[in-house]
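> Before anything else, here's the structure in question.
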Amino acid sequence: MKSNSLRCGTLAALMLRAVLLGALFTAGGLLTAGGASAAQPADVDRWVVPQSAQVGEYWTPERMRAALPGEVLAEDSVAAESPAPTAPHAGKASAVAAQPARSASSRSASSRSHSNHGRRSHGVHAARPPASLDHIGKVFFTLQGADYVCSGNAVAAANENTIATAGHCISAGPGEYSTRLIFVPAYKNGAAPFGQWLATELYAPTQWTSGGDISYDTGFAVVAPPAGSTLSDTVGASGVAFNDSRGLSYTAYGYPAMSPFDGETLQTCGGGAAADPYGQTQSQGIPCNLTGGSSGGPWFVGGAAGGVQNSVSSFGYSTMTGTMFGPYWGSVIESVYAVASE
């Protein structure tokens, strides 16, 4: 049985070894939901970003270009948890051109046809630049004293200011949350046509923030408009779906920053999903050659032009070149989305 969730507005690369810091507090500010409140599900972790960590002016074009792909955060943790040769590496994504509607209005995930969902593609699908998609962008943040970059997407939400990305771009769990986190929609060759959107609240599953479980490597951020309009009114937003079937066909997007890419343009590729062949995670892999920096980028089902988001790029295995894995969006991640999108 599947349940698809969608709301009007906007919602808020890494390896299996990712070390995410998502506990009770950081030096920068109080974590208001490291332990769940009465009104908040136990699987949801929330951090209200203090004003001192909302530093938009910090991100100059030079710092953006120098930021490290978020997958770097996973290496030490994966090495400790995964025996060779199956140890994964972060940020190998695949994506195919999917263009969610550029609209602030919500669209029912259940209303979409999934007729192509069981068909799997064979062989690696090379990433290519898609048509411009304003609601997909880059996520910049500081963690453990270094600057990093991931990918992200504006998603439908009641608050109209939410993005989805990878959990390791939100928190290095268990431990601190990211600071100076911004979303730059439609980033291209250093340009930020819609400005920098500062994160004010960060959300992720406790399975990720407390245990670093890569199967739950998804995070959401609520951002503040640099001008008057909300994020969804400015760039549009994608519908979201949860508890869908496994083995669907996906179109993924992201900003790969490691060779042969440079992180300056959006890329896409994708294909049919398959289970983790090593059985180390509940994540699914698709044939795609996106590299570090693409983690957190959206995976869509339901067609290139009108799909809904159903996962994010998360990690890859060094023994499976050209395959990107993404977490299954089940009831836990749906709970995180529900709280973040309010």
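> With every protein chain in place, what's the accessible area of SER210 (1.4 Å probe, Å², nearest 10)?
70 Å²
> Quick check: at a probe of 1.4 Å, how many percent of the accessible area of the range 231-342 sits on carbon and sulfur atoms?
Details: 1290 of 2620 Å².
Of the solvent-accessible surface of the range 231-342, carbon and sulfur hold 49 percent.
> Report, by chain and number, residues whose modeled amide H sits under 5 Å from the one on GLY173, excluding near sequence neighbours (fewer than 5 apart, same chain).
For GLY173, the qualifying residues are LEU20, LEU21, GLY22.
> Highest first, please rank the peptides 44-55, 184-195 by the mean number of other Cβ atoms sitting within 10 Å of their residues.
Packing order, densest peptide first, comes out as 44-55, 184-195.
> Now for a different question. In whole Hz, with x marking every Gly and Pro, tabulate ³J(HN,Hα) for the range 316-332 from phi via Karplus 6.51 cos²θ - 1.76 cosθ + 1.60, θ = phi - 60°.
Ordered by residue, 3J(HN,Hα) equals x, 9, 5, 8, 10, 4, x, 10, 10, 10, x, x, 6, 8, x, 5, 5 Hz.
> Distance between the C-alpha centers of the range 170-223 and the range 237-289? Whole Å please.
Answer, in whole Å: 18.
> Assuming 0.36 nm per residue, please report the length gained on full extension of the stretch ASP134 to VAL55 beyond their Cα-Cα distance.
Here the answer is 26.1 nm.
> Working out 0.36 nm times the residue gap between ALA66 and ALA42, then minus their Cα-Cα distance, what length gain in nm do you get to one decimal?
4.9 nm
> Can I ask one more? I'd like the FRET efficiency for ASN189 and ALA275, computed as 1/(1 + (r/R0)^6) with the beta carbon distance as r and R0 of 22 Å, rounded to 0.05.
That pair, ASN189 with ALA275, gives E of 0.05.
> Which ³J(HN,Hα) values in Hz, rounded to whole numbers, follow from the phi angles of the range 261-271 under the Karplus curve 6.51 cos²θ - 1.76 cosθ + 1.60, where θ = phi - 60° and Gly and Pro get x?
Those phi angles translate into 9, 10, x, 8, 9, 6, 10, 8, 5, x, x Hz.
> Residue by residue, what Karplus-based ³J(HN,Hα) values in Hz, rounded to whole numbers, does the range 201-215 have, using 6.51, -1.76 and 1.60 with θ = phi - 60° and x for Gly and Pro?
Values, residue by residue: 9, 10, 9, 7, x, 5, 4, 8, 6, 9, x, x, 6, 5, 5 Hz.
> Using 0.36 nm times the number of residues separating ALA227 and ARG246, minus their current alpha carbon distance, what extension gain do you get?
Working: separation 19, 0.36 × 19 = 6.84 nm, distance 3.99 nm.
Residue separation times 0.36 nm, minus the Cα-Cα distance, leaves 2.8 nm.
The values are calculated or read from the model by the stated rules, or taken from the named source; none is laboratory data. As the structure is a computational prediction, the values presented were derived from the model and not from experiment. A quick note on method: Cβ atoms are made from the backbone with ideal geometry, for glycine too, and the neighbour counts reach across all protein chains shown. Accessible surface is based on the protein model in full, side chains and every heavy atom, while ligands, DNA and RNA are left aside. Shrake-Rupley method; radii C 1.70, N 1.55, O 1.52, S 1.80 Å.
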